[in-house]
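Below: one structure, written as structure tokens.
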Amino acid sequence: MRILIAMLVFYVAAQSTAAQSNTSSVFRFLDVTPTARTAALGGNHVGLYNADFSLIHLNPAYLNSNASGSISASYLNFFADANMGFTSGAYEFEKIGTFAAGIRFVGYGEFDQLDESGNDLGNFNANDIAITGAYSIPVVSKVTAGAAIDFIHSSYASYKSSAVAFSGGVFYQDTASHFSAGLSIRNLGGQITAYDDDREPLPLDVSIGFTKKPEAFPFQLSLTLTKLNDWDLRVFGETDRPSFIDNAFRHVIFGGETYFGENVTVRLGYDHYLHEQTQTGQDFDLAGVAFGVGINIRSIVIDLSRSSYSRLGGVTRLSLKTDLD
């Protein structure tokens, strides 16, 4: 009964947000894939089999008691001088539930500040930060529900903005059939303070995902349908609405991973929306394609990924996770 109620709550929430546009230009760093594993699988999967607590930014229901005493960190050397970092930790309180905290930080480097006449006013730094608190609890066997709150702040010279966002999710995993599914609603909230008092919606994202390993098939396959609250996913400069099929595929993230023994995992993924945003129009373009590897060394998990942005270059992520207990 409790799982039916939880699913109903999330269904109603998804329906109530379905008409909202996801055209926000603020706090877009919240959409960045937090870890190397998910990046290698194409992006923000919300129904990933054997997902860990470091992905609470995607689905708070990934958090469970097995994560107690664990910490994680990810680093992304983005384009130009931009650097991004993610860190999180989890702890279970008996009979209460499992809690986690995380920080996402983006530093865009140092910039020259000029007035309208070109006079040098010195330098300034631009950065974004989001501090996350998450909580999860088992609902019934194989099902976990979770919720999270984010305190968000951006600072670009004299322009500053803060916001509060809420996220929630449900996650199901069946080890016997090697199947998992998840539903997540992220970034539901609003700005507390806005740039020049011009308020914009947060980058709301309603997603549903699945993972399955078919029998006698070497790859575990993951599929996520993302941005279900915003059907029209036109890219910059696109005036006409894309065809139904093209637009539908822009909501799809697909990935697969295969294991070599107990300590090595190889991953491959594709994000068609990222492909459409960064492709160069050439006949053969790897924009949107990602790959990576995971290595377990005793109690340390090391994940590395590379995502292609076509002629813009590629983005490499490094993630580490360990159990302190």
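Take each peptide in 297-309, 144-156, 35-47, count the other Cβ atoms within 10 Å of every residue, and average; sorted highest first, the result is 35-47, 144-156, 297-309. When only alpha carbons are used to place a centre, region 156-176 and region 68-98 end up 13 Å from one another. Secondary-structure-derived ellipticity at 222 nm for the chain, considering helices only, amounts to -3000 deg cm²/dmol, per-run term -39500 (n - 2.57) for DSSP H runs with n ≥ 4. For the residue pairs K227/K321; K160/K321; K142/K213, the alpha carbons lie more than 22 Å apart in K227/K321; K160/K321. Listed by chain and number, the aspartates and glutamates whose alpha-carbon sits under 13 Å from that of K212, ignoring those within fewer than 8 places in the same chain, are D174, E257.
Restricting to Cα atoms and excluding each atom paired with itself, what does the Kirkwood estimate give for region 2-256 in Å? Evaluated over region 2-256, this radius sits at 19.4 Å. Computed on the chain, with alpha-carbon pairs under 8 angstrom and 6+ residues apart, the relative contact order is 20 percent. Computed about its Cα centre, the charge dipole of the chain is approximately 1160 debye, with only Lys, Arg, Asp and Glu carrying charge at their Cβ.
All of the numbers you see were taken from the coordinates with simple rules; none came from a lab. In this text the structure is predicted, and so the values were computed from the model without any measurement. No Cβ is skipped: glycine too gets one built from the backbone with ideal geometry, and neighbour counts run over all protein chains shown.
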